[in-house]
Amino acid sequence: MAAEGGTDGKAPGGSGAGREDAAVAGAAPPARGTSWKLIGPGIVVAATGVGAGDLVATLLAGSEFGYTLMWAAVIGCLVKISLAEATGRWHLATGRTLLDGWRGLGAWTTVYFAVYVVLWGFVYGATAMSSSALPLAALFPGTLSLRAWAILCGLAGLAFVWFNRYAIVEKIMMVFVGVMFAVVVYVAIRVTPRLGDAFAGLLPVLPDGSLFYTLGLIGGVGGTITMAAYGYWVNAKGWTDSGWIPMMRLDNRVAYATTGIFVVAMLIVGAELLHSANLALASGDRGLLDLSGILEDRFGAVTANLFLVGFFAASFSSVVGVWHGVSLLFADFVERTRAARAQGTGGEPPVLEVARGQRERSWPFRGYLLWLTFPPMTLLWLDKPFGLVVAYGVLGAFFMPFLAATLLWLLNSDRTPREWRNGALSNTVLTVAGLLFVVLCVHELYELL
């Protein structure tokens with residue numbers, strides 16, 4: 001969603017076959033502002049944000065209400081386009097990272113992020129490893145235990161991110177997205193969607209009892225803290241100034257259009273395969289294993305196994321994306337905290353210049369990688385402590401309102417060059433998104449407490 005005050009999107013420099021090389025070298029953007037060959041960071045953030053839990057939530061909405069909430073899935077993608085665009089625009093228009101911007105809003109943002117990222121990483125690490133292990137255990141029964149598969153997935157994610165840089169991460173995420181896209185769309189076609197009902201679902205209707213399913217579809221699919229990582233991936237791509245904003249917008253829209261297709265396809269599967277037959281799934285990621293069994297009964301083992309491969313791609317892409325993206329956030333947080341302490345003064349923190357790729361080799365980046373991998377493995381042997389789950393849920397519920405509110409603050413202030421500040425449309429969408437996330441936050445807190 002373009003939505004912004006700003007220029008006409010034209011940027012200088014670069015041409016012809018040299019455009020792709022320009023991104024790698026951090027040189028000038030394409031002469032006409034965009035190039036389909038350069039798309040990448042948006043795919044990474046979308047693949048990271050769409051995990052097994054999101055697919056289950058969409059399936060359950062389809063199984064409960066059929067096609068009725070199709071419109072909510074579409075609006076959810078538009079909301080995430082606006083949030084990601086705002087994050088990327090901040091990085092490119094100001095030359096500052098999101099953590100840098102947050103620090104300029106006051107010490108409270110630093111305290112919140114520090115507590116959140118440590119606690120979130122501990123619980124999410126175990127969740128992501130377990131989610132990736134489920135389809136592998138189903139594909140290779142009798143080989144390893146679920147716990148062993150989970151540990152292997154965590155170690156694989158650690159090794160891949162530790163020894164590679166963003167360019168390789170982007171390539172493997174493109175593969176994961178290709179697999180997810182092919183499998184989910186294939187299954188949606190196999191269940192023979194009723195296109196008339198699907199198009200009717202684009203008309204906003206709110207059935208009885210559907211309010212929080214609807215809000216969850218709008219606000220839940222496509223990432224939480226990984227939305228904040230988008231600007232870091234944009235910079236890692238070599239896009240470093242406002243000339244790249246048109247390219248970033250194209251990248252972002254393509255990524256979330258792809259996400260929208262995932263969501264719509266899973267809603268179709270839920271509506272046709274579950275709603276019409278009055279079938280139920282288990283809660284959480286195990287619901288996808290239930291769906292695999294239903295697919296095998298109806299379409300055979302090949303389709304079921306293909307779906308499990310797609311399930312693994314969705315889950316393990318989140319491992320790779322989080323291990324890389326949130327580690328970049330944490331490394332930036334440590335760097336800026338140390339710089340502010342060294343400066344020893346209040347006010348705006350110093351602007352740090354970090355060479356592209358250097359942050360991925362830093363000890364804070366690798367330290368957080370280890371934090372995401374090894375301490376969470378203890379939760380694989382234990383039931384998650386109730387207090388930890390509640391604290392994780394509370395902090396997580398507050399993150400998206402925090403992100404929307406701080407983006408509104410930053411992009412409407414003199415911290416952002418005037419030509420790249422929010423326009424009316426962007427302010428409207430971010431405000432509505434922030435209010436939506438507040439409602440979801442209150443609901444989640446009610447459910448937790």
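For this structure, a couple of remarks:
- For the residues 145, 130, the requirement of being of a type in the set (S, T, N, Q), under 21 Å from residue 322 (Cα atoms) and modelled with pLDDT under 95 singles out 130.
- Single residue of the stretch 87-108 satisfying the filter (in a helix (DSSP H, G or I) and basic (Lys, Arg)) that is modelled with the highest pLDDT: 89
- Test for residue 76: is it in contact (Cβ under 8 Å) with a residue 24 or more places away in the chain, more than 13 Å from the chain's Cα centre (by Cα), part of a helix (DSSP H, G or I) and on the phi < 0 side of the Ramachandran plot: no
- Qualifying residue in the stretch 68-78 (condition: β-branched (Val, Ile, Thr), more than 25 Å from residue 335 (Cβ to Cβ) and either at pLDDT 90 or above or crowded, with 24+ Cβ neighbours inside 10 Å (or both)): yes
- Of all residues in the stretch 192-215, those satisfying the criterion of being surrounded by fewer than 18 Cβ atoms within 10 Å (Cβ to Cβ) and outside any loop (DSSP other than H, G, I, E, B) are 195, 196, 197, 199, 200, 211, 212, 215.
- Among the candidates 126, 84, 114, residue that is over 30 Å from residue 257 (Cα atoms), touching a residue at least 24 places away in the same chain (Cβ under 8 Å), assigned to a helix (DSSP H, G or I) and out of contact with any Lys or Arg (no Cβ under 7 Å at 6 or more places or on another chain): 114
- Residue check, residue 224 touching a residue at least 24 places away in the same chain (Cβ under 8 Å) and under 30 Å from residue 96 (Cβ atoms): yes
- Residue 238 meets all of the listed conditions (1) farther than 30 Å from residue 98 by Cα; (2) over 19 Å from the mean Cα position of the chain (by Cα) but one, namely (1).
- Selected residue (only one of 218, 189 is surrounded by fewer than 16 Cβ atoms within 10 Å (Cβ to Cβ) and β-branched (Val, Ile, Thr)): 189
- The number of residues in the stretch 133-153 being touching a residue at least 40 places away in the same chain (Cβ under 8 Å), within 23 Å of the chain's Cα centre (by Cα) and more than 18 Å from residue 370 (Cα to Cα) comes to 3.
- Residue within the stretch 254-262 that is at positive phi and surrounded by fewer than 24 Cβ atoms within 10 Å (Cβ to Cβ) present: no
- Every residue from the stretch 403-420 that is in contact with a Ser or Thr (Cβ under 8 Å, 6 or more places away or on another chain), farther than 15 Å from residue 80 by Cβ and crowded, with 17+ Cβ neighbours inside 10 Å: 406, 408, 410, 411, 415, 416, 420
- Those residues of the stretch 154-167 which are surrounded by fewer than 23 Cβ atoms within 10 Å (Cβ to Cβ) and either in contact (Cβ under 8 Å) with a residue 12 or more places away in the chain or closer than 18 Å to residue 127 by Cα (or both), in sequence order: 155, 156, 158, 160, 162, 165, 167
The values are calculated or read from the model by the stated rules, or taken from the named source; none is laboratory data. Quick caveat: nothing in here was measured; it's all calculated off a predicted structure. Because the Cβ atoms are built from the backbone with ideal geometry, glycine has one as well, and the counts that use them run over all protein chains shown.
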